[in-house]
Every structure is written in structure tokens, then in C-alpha cells.
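Everything on this sheet refers to the single structure shown next.
What follows is calculated from the coordinates using simple rules that are stated; it is not laboratory data. If you're wondering where the values come from, they're calculated on a predicted model, not measured in any experiment. With ideal geometry, Cβ positions are generated from the backbone for all residues, glycine too; neighbour counts draw on all protein chains shown.
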Amino acid sequence: MPNEDSHTENPQSHEAYEAEFVQHLLSLQTTGFMFLGKIQNPLTGTSEKNLAAAQKVIDTLLMLKAKTAGNLSVSEESMLTTIITQLELNFVDEAQKSEKELVKEQAGEKKAAKEQAEDLEGEGYKGKDQAQKEQREEYREEQKREKSYSGKEEEDGQLGKMREKEQPRKQQEEEGEEEERSKEHDEEGEEE
């Protein structure tokens, strides 16, 4: 493990560390702008917005600034501060755009939901009218069936009453016929 003072003693290693540090800052800056959707993702070739990831990059840069305070050259300190400021300003801009888009999207969704509800409500009324019409028709059919059934009962009832009236008459006729046969039989027996 190199001694802390070893890179300060060797000017070439100090320049190498500074170059690596600047390269790392530029890499983080590029990644931050990519997550803000300001530059295209080199892998996909499209701009993608991921504000949570962009915030993570900004937080990383702020942590580096805090941990390296007093150990950076003026140019490194200036570059780090500039990168953080640029990313933070762009982050706020994109967050506001996203919020506006979200509000706009929600308003559009509410409008679409309202229109859909109105459409369904309109269909619902048609459906209710149709259902009521069908219920009325079913009721009428039921009334007709009841009338025909009660009419049949009345007919059956009237037939029953007629049969009841006919039964005693038939019995009387049968009894009368029997009496006549008996009389005839008796008369025949007297004649002999």
C-alpha cells in the first residue's frame, strides 16, 4: 500500500492521480446526464430518464466533495463544484418537467376516465331501459299465463259444478230406472 506522502513526493504519480480523478468526475457527469435524459445511452442509443439514478450520481459527487475537501487542487475543486451544480440544475429542471408531465398525464387519465364513465353511464341507461322493458314484457306474459290458468281453473270449476249437479240427477235417474225395473219385475211376478 503506497504511503500517503509517496504520491506527493513523486510529481508524475500526482499528475496521474489528478488525471484519474478528473476522468472519474467526467464519467460520473456523463452518467448523471444520461440518467437525466440529456444524452443518449451508448448501449441502447436512446435517451432514458431515471431521476432516482441521477440523484444517486449527484449524491456520490457530493460525498466525494465532502471526503476530499482540502485535498484537491483548485482546478479539481472547481471542476467538481461545476459538475455538481450542472447536474443539480438539470435535475431540478427535469424533475419539474416530470411533475408537469405527471400532472398532465393524470389530468388526461381523469378526463379519459370521466369520458369512459359517461359512455358507460349512457350505455347503462340504455341497459336499464332495456331491462325495464324486458321486465314489463315478462310481467305481461306472466299475467297472461295467470289469466289462462285462472280461466282454466274457472272452466274446471264450472265443469266441476256442472258435474256435481249432474251427479245427483244421474243418481236420481238411475234410481228411477231401478224403481221402474223393480216395478216391472213386480208386475211381472203378479201376473204369473
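Answer yes or no as to whether residue 21 is within 45 Å of the chain's Cα centre (by Cα), among the aromatic types (Phe, Trp, Tyr) and surrounded by 14 or more Cβ atoms within 10 Å (Cβ to Cβ).
Working: within 45 Å of the chain's Cα centre (by Cα): no; among the aromatic types (Phe, Trp, Tyr): yes; surrounded by 14 or more Cβ atoms within 10 Å (Cβ to Cβ): yes.
So residue 21 does not fit the description; no.
Can you give me the number of residues within region 96-120 that are within 22 Å of residue 52 (Cβ to Cβ) and of a type in the set (Lys, Arg)? So that I can check it myself, show each step before the final result.
Residues of region 96-120 that are within 22 Å of residue 52 (Cβ to Cβ), as a first pass: 96-106.
Remaining after also requiring of a type in the set (Lys, Arg): 97, 100, 104.
Of the residues in region 96-120, 3 are within 22 Å of residue 52 (Cβ to Cβ) and of a type in the set (Lys, Arg).
For residue 70, work out the one condition from (1) within 34 Å of the chain's Cα centre (by Cα); (2) at positive phi; (3) exposed (fewer than 14 other Cβ atoms within 10 Å of the Cβ) it doesn't fulfil.
(1)
Given the conditions (1) within 16 Å of residue 28 (Cβ to Cβ); (2) in a helix (DSSP H, G or I), and given that residue 72 satisfies all but one, which numbered condition is not satisfied?
(2)
Identify all residues within region 48-69 that are among the aliphatic types (A, V, I, L, M) and part of a helix (DSSP H, G or I); write none if there are none.
As a first pass, look at region 48-69 and keep what is among the aliphatic types (A, V, I, L, M): 51-54, 57-58, 61-64, 66, 69.
Of everything in region 48-69, those that are among the aliphatic types (A, V, I, L, M) and part of a helix (DSSP H, G or I) turn out to be 51, 52, 53, 54, 57, 58, 61, 62, 63, 64, 66.
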